[in-house]
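Participant: The structure follows.
The values are calculated or read from the model by the stated rules, or taken from the named source; none is laboratory data. Just so you know, these numbers come straight off a predicted model, no measurement behind them. Cβ sites come from the backbone with ideal geometry, for glycine too, and all protein chains shown count toward neighbours. Surface areas here come from the heavy atoms of the whole protein model, side chains and all, with no ligands, DNA or RNA. Shrake-Rupley method; radii C 1.70, N 1.55, O 1.52, S 1.80 Å.
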Amino acid sequence: MESKYMVVISFDAVSSEDVEVLKNLPNFKKLIENGSWIKRVDSIYPTLTYPAHTTIVTGKYPSNHGIIDNTVFKVGDFLPNWYWYRNKIKGDTLYDLARDKGLTTCSLLWPVTGKAKITYNMPEIFAVKPYQHQLFMSAGAGSLGFQLDINKRFGNLRKGIEQPYLDNFVIEAAKYTIKKYAPNLMLIHFTDVDTNRHHYGYSNKVIDDALLRHDIRLGEIIGALKERGIYDECTIVALGDHSHLDASKVIKLNALFRKEGLIKINEKGKVLDYKGICKSLDGSCYIYLKDKNDNKTIEKIKALLKSLPVDFILEGEEIGKSGGDMEASLMIEANLDYYFVDDIDGEIIDEIKDEEVGVKAHRHKATHGYSPKKENYTTFFIGSGRGFKNGVVIDKGNLINHGPTLAKVLGLKFNDIDGEAVEEILNI
């Protein structure tokens, strides 16, 4: 049976291993028992939040939907803007198809929804440059009246993007929106676990507490649906976008390229010219050449990489086939315990210091962006309610199949996508 209402809840950076804990907590346990659970879901490459969330709502690999990174590459810009806006996505999204069918839609901090045609839109967008203002950026990218109302009611709960305050704000916004508007399709993004894993590492008491908060948030959403009287007509989807891996060292390829004469900077650190430059994806990175036909520079970079903790190198069509940016000349995967940063100064390999974690130096104790082929690096999918079978458990799945699966539950259909609906969990 097709669903009239669907709530898709993204628990950013929650892994397959985490669900082994969550399934014993009351609300996740109930969701799994009354629905279908895909235990280990392979994400996309690179395993980053913005490419992954766009894959979830398009059914495409990043190379095909266009969001090939969290942030936009621009030579010499080391505080880059993010892929905030819908117009960067190629093709249809789930919320576009829903709108075309006459359904009302809502986004609460779902990535890459800035200026999208969403009925109630509070996109994830934030200031990264000194001249940017958070209030004006958000106001211009979403539903103005809706955002003003939400912020007036619950804005006191936030402390910028600090957690758990941000998710505490989002859950109150979600409950209010469900009870007042009951949108047909609702996309909600929680980042409590992701933020804390970056700061404290993959597994610790802080993460245990964040998982408990997520179970409570899930229960509060269920409660709001019941209060509005639409729970029995609703589909609830809980999913992750990627996992995390612990790391203790960073690789600064741009510092190496500068040393080797591939990047030239002035006394203020501004890039004046380059032959090749690194764009970090955390666990992996892109290498862009000024001249894509500069084979001499390609060979020099590959020779330099032989002495570094690199797992593998992709080039040419291999990058596109893996899902990455086909404009890059190389895509490089770091070994376990390492990730890339864009720094242009300092040691090529640098230990992460506790006092640096979480600051603007972009230092993390755990991170993502690695190949989804890394071991113990999967996420999860749970679908419950209208359109999903009860008690079905599947061991393996793929993020690119989420979009067409959700579309089918809503009676929608994608064209020209990479994924396919997972029929064995559907009851339609």
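Participant: Top mean-square fluctuation among Leu148, Leu305, Leu272, Gaussian network model of the chain, C-alpha springs under 10 Å?
Facilitator: So, out of Leu148, Leu305, Leu272, the one fluctuating most is Leu272.
Participant: Over the stretch 246-367, what is the relative contact order in whole percent, taking alpha-carbon pairs under 8 Å and six or more residues apart?
Facilitator: The value is 40 percent.
Participant: Compute log10 of I(q)/I(0) for the stretch 68-220 with the Debye formula, placing one identical point scatterer on every Cα and leaving out solvent, at q = 0.11, 0.17, 0.19 Å⁻¹, to two decimals.
Facilitator: Per q value, in the given order, log10 I(q)/I(0) is -0.47, -1.10, -1.30.
Participant: Can you work out D for the stretch 177-291 in µm² s⁻¹ from Stokes-Einstein, where Rh is the Kirkwood radius over C-alpha pairs, the temperature is 37 °C and the viscosity is 0.692 mPa s?
Facilitator: 177
Participant: I'd like the distance between the alpha-carbon centres of the stretch 42-67 and the stretch 186-219, rounded to an integer number of Å.
Facilitator: 21
Participant: Out of the total accessible area of the chain (probe 1.4 Å, heavy atoms of protein only), what percent is carbon and sulfur?
Facilitator: Carbon and sulfur together cover 49 percent of it.
Participant: Compute the distance in nm between two label points, each set 7 Å from the Cα along the Cα-to-Cβ direction, one at Asp246 and one at Lys23.
Facilitator: The modelled label-to-label distance comes out at 2.4 nm.
Participant: Run through every distinct alpha carbon pair of the stretch 246-367 and return the Kirkwood hydrodynamic radius in angstroms, one decimal place.
Facilitator: One decimal place: 14.7 Å for the Kirkwood radius.
Participant: Taking the Cα centroid of the stretch 334-386 and of the stretch 278-294, what is the distance between the two, rounded to the nearest whole Å?
Facilitator: 18
Participant: Taking Cα Rg over 2.2 N^0.38 Å straight from the coordinates, which label in [x] 0.97; [y] 1.09; [z] 1.16 is the correct one?
Facilitator: From the options [x] 0.97; [y] 1.09; [z] 1.16, the structure gives [x].
Participant: Moving on to the next point. From the phi angles alone, apply the Karplus equation (6.51, -1.76, 1.60; θ = phi - 60°) to the stretch 78-84 and give each ³J(HN,Hα) in whole Hz, x where the residue is Gly or Pro.
Facilitator: Per-residue couplings from phi come out as 9, 10, x, 5, 8, 7, 7 Hz.
Participant: Between Lys270 and Asp291, what's the calculated FRET efficiency when r is the beta-carbon distance and R0 is 25 Å? Round to 0.05. Please report the intermediate quantities before stating the final value.
Facilitator: Values: r = 21 Å, r/R0 = 0.83.
The pair Lys270/Asp291 has a calculated efficiency of 0.75.
Participant: While we're here: Would you kindly state how much longer the chain becomes between Lys353 and Lys373 on full extension, computed as 0.36 nm times their sequence separation minus their alpha carbon distance, in nm to one decimal?
Facilitator: Once the chain is fully extended between Lys353 and Lys373, it gains 4.4 nm.
Participant: Taking the stretch 89-128, which trypsin sites (Lys or Arg not before Pro) meet the DSSP loop condition and have no more than 16 other C-beta atoms within 10 Å? Spell out each step's value before the answer.
Facilitator: On the way: sites: Lys90, Arg99, Lys101, Lys115, Lys117; in loops: Lys90, Lys101, Lys115, Lys117.
Loop-located and lightly packed - Lys90, Lys101, Lys115, Lys117.
Participant: Enumerate by residue number the trypsin sites (Lys or Arg not before Pro) in the stretch 1-88 meeting two conditions: DSSP loop (anything except H, G, I, E, B), and at most 13 other Cβ atoms within 10 Å of the site's Cβ.
Facilitator: Qualifying residues, ordered by number: Lys74.
Participant: Right, something else. Which loop GluC sites (Glu not before Pro) in the stretch 316-398, with loop taken from DSSP, have no more than 14 other Cβ atoms within 10 angstrom of their Cβ?
Facilitator: Sites meeting the loop and neighbour criteria: Glu327, Glu347, Glu375.
Participant: What percent antiparallel are the DSSP beta bridges of the chain, to the nearest 5?
Facilitator: The answer is about 55 percent antiparallel.
Participant: Normalising by the residue count of the stretch 287-425, find the relative contact order in percent from Cα pairs under 8 Å and 6+ residues apart.
Facilitator: 15
Participant: Another one. When the chain is modelled as a GNM with alpha-carbon springs shorter than 10 Å, which of Lys365, Lys159, Lys408 fluctuates the most?
Facilitator: Result for the chain, Cα springs under 10 Å: Lys159 fluctuates most.
Participant: With +1 assigned to the C-beta of every Lys and Arg and -1 to the C-beta of every Asp and Glu, and no other charges, what is the dipole magnitude of the chain about the Cα centre in debye, to the nearest 20?
Facilitator: On the way: 56 positive and 59 negative charges, 236 e Å.
Rounded to the nearest 20 debye, it is 1140 debye.
Participant: Continuing with the same structure: Tell me the Kirkwood radius of the stretch 389-428: reciprocal of the mean inverse pair distance over distinct alpha-carbon atoms, in Å.
Facilitator: Answer for the stretch 389-428: a Kirkwood hydrodynamic radius of 10.7 Å.
Participant: Do any of Lys88/Lys373; Lys88/Lys279; Lys115/Lys365; Lys129/Lys321; Lys129/Lys396 go past 30 Å between their Cα atoms, and which?
Facilitator: Lys115/Lys365; Lys129/Lys321; Lys129/Lys396
Participant: For the stretch 13-60, give the magnitude of the charge dipole about the Cα centre (Cβ charges: +1 Lys/Arg, -1 Asp/Glu; no others), in debye to the nearest 20. Write down the numbers at each step before the final one.
Facilitator: On the way: 6 positive and 5 negative charges, 29 e Å.
With Lys and Arg at +1 and Asp and Glu at -1, about 140 debye.
Participant: Ok, one more. Give me the 1.4 Å probe accessible area per residue for the chain, excluding ligands and nucleic acids, in Å².
Facilitator: Values: 17830 Å² over 428 residues.
Accessible area per residue: 42 Å².
Participant: Same structure again: Could you pull the Rg and Dmax for the stretch 303-428, using just the Cα atoms, both in Å?
Facilitator: That works out to 19.9, 58 Å for Rg and Dmax.
Participant: Next question. Can you give me the distance in nm between label points at Lys88 and Lys152, each placed 7 Å from the Cα along the Cα-to-Cβ direction?
Facilitator: 3.2
Participant: When only Cα pairs under 8 Å and 6 or more residues apart are kept, what is the percent relative contact order across the chain?
Facilitator: Working: 955 pairs, mean separation 131.3, N = 428.
Computed over the chain, the figure is 31 percent.
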